[in-house]
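Since every read-out is calculated from the coordinates, none of them should be taken as a lab result. Note that the structure is a prediction, hence the values are computed from the model and not measured. Glycine gets a Cβ as well: all are built from the backbone with ideal geometry, and neighbour counts include every protein chain shown.
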Amino acid sequence: MWNKLFFYIGFFILLFVLFYLALTKIIPGYGEVRLPVLNDVQPFLFTDQEGKMISQKDVEGKVYVADFFFTTCKGICPKLNTNLKKIYGEFRDEPDFRIISHTVDPETDSVSQMKHYADSMQADPKTWLFLTGRKDSLYRAARLSYLLDDPKNNEGDIRHQFIHTQFFALIDRSGQVRKIIDGLKNDEITELAADIRVLLKEKAGARHFSNPLSGNNFQ
């Protein structure tokens, strides 16, 4: 009696596993974590380390990670960029992936300074962009597009402000922010790599559930 019971239990467990595996093959993305939409990235125009003008059109259809730093930072920035370099090393040969590092100190971080820093990171400009531009435009992008700082801070005098954030934003092929990552936490960097793979499988223009806590209705 017990042998039969165990046989049937094992049989149904096996059926369930086979059914689940079949669904993952038949339905793209089935069984993967669905990342909510947190925000839409607004149009932007900055200059990269090669002196080229870069806009949102240059990353259309791409999955990318956005961060904000400054080249003279001696605090958290080296650790953050070391972690980003791990992501870069893993996806540098993926044609639909980019990293976009924005300066928060454009008065110091000229194109030549960003070029020098990018070269020190051995970053290929085809995959890892280091952007500079107007301070107010950079700060609006950090706050209103990527949600890496409180948007209310944009109401103050930009001349006396300085963003110093440890967070990254993960953006999908449709220009939507899908996740905010703590760049100092190794476990979140590991999760970031997995999330990038998920988003690379998605098609541009795909519809996703919005985050009900974000205060926006992106669907």
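What the table shows:
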item	result
Distance (nanometres) between label positions extended 7 Å along Cα→Cβ at Q161 and E90	3.2
Segment 39-201: C-alpha gyration tensor shape, a/c 1.5 cut-off, then a/b vs b/c	rounded
Amide N of segment 165-179 lying under 20 Å from the label point, which is placed 7 angstrom from the Cα of A204 along Cα→Cβ	170-179
Cross-link pairs K85/K201; K135/K203; K52/K185 - those with Cα-Cα distance over 27 Å	K135/K203; K52/K185
Gained length - D182 relative to A194, 0.36 nm times residue gap less alpha-carbon distance	2.8 nm
Reciprocal of mean inverse Cα separation for segment 36-100 (Kirkwood radius, Å)	13.6
Full-stretch length increase - S137, K57 - with 0.36 nm per residue and alpha-carbon distance subtracted	27.1 nm
Calculated FRET value between K152 and T82, using beta carbons and R₀ = 30 Å, to 0.05	0.45
